[in-house]
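J.: Below is the structure I would like to discuss, written out as structure tokens.
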Amino acid sequence: WRFSGSLFLVCGQTRARRPERIFCTSLHFPVPLCPTGWSEYGNRCFLFQSTETDWATAEVHYCRQHHTDLASVRSMSENEQMKGLVQSAGEIQAWIGLYRNSWMWVDGSNSSFRHWRASEPNGSEENCATAVHADAGQWEDWPCSWKMPFFCNAGKP
Ligand SMILES: [Ca+2]
């Protein structure tokens, strides 16, 4: 599910003219980038899970079971797309793949995009990031043991 489509060449031969001509036409069948049920934005796949789960369980027992990680968020447009998914599910916020070890992305992304709410991150015992999509989609650090919906991602490393 990393390729974006398949191309078939259909060739024929015309006998109507001399010299005979071979003609080909291409048929392009787009194949979805993302698995069924995932959302695609800019060559990346996101899965929103409304099951309320603590951060580590979401990463280890859910996202990695699907060969992915909790989602990195690399731009405001991605954050906005994710906000739409959370709001349409009637949820308030969701774990993202950012955790405090100097705030790194669990999927290994080196993206420096951040969207912290003013005064966040602010908790010495709050080591996991959640995006609060009920309003502006800004991020807060929360205790990792709190349970809430989450995003996995896949696609571009
Ligand atoms: Ca906080």
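J.: Tell me, which residue of segment 93-129 that is under 22 Å from Cys152 (Cβ atoms), of a type in the set (A, V, I, L, M, F, W, C) and part of a loop (DSSP other than H, G, I, E, B) is nearest to the ligand (Cβ to nearest atom)?
T.: Selected residue: Trp103.
J.: When segment 107-131 is examined, which residues are found to be of a type outside the set (Gly, Ala, Ser), touching a residue at least 12 places away in the same chain (Cβ under 8 Å) and closer than 20 Å to Cys63 by Cα?
T.: Across segment 107-131, the qualifying residues are Asp107, Asn127, Cys128, Thr130.
J.: Among the listed residues Asn43, Asn101, identify the single one that is surrounded by fewer than 19 Cβ atoms within 10 Å (Cβ to Cβ), farther than 17 Å from Ala131 by Cα and under 11 Å from the mean Cα position of the chain (by Cα). Give the derivation first.
T.: Numbers: Asn101 fails: under 11 Å from the mean Cα position of the chain (by Cα).
Among Asn43, Asn101, only Asn43 is surrounded by fewer than 19 Cβ atoms within 10 Å (Cβ to Cβ), farther than 17 Å from Ala131 by Cα and under 11 Å from the mean Cα position of the chain (by Cα).
J.: Condition test on Gln138, is it under 19 Å from the mean Cα position of the chain (by Cα), within 14 Å of the ligand (Cβ to nearest atom) and free of Cβ contacts under 8 Å to residues at least 24 places away in the same chain?
T.: Criteria met by Gln138.
Coordinate-derived values only; no laboratory data. Keep in mind the model is a prediction, meaning the values are calculated, not measured. With ideal geometry, Cβ positions are generated from the backbone for all residues, glycine too; neighbour counts draw on all protein chains shown.
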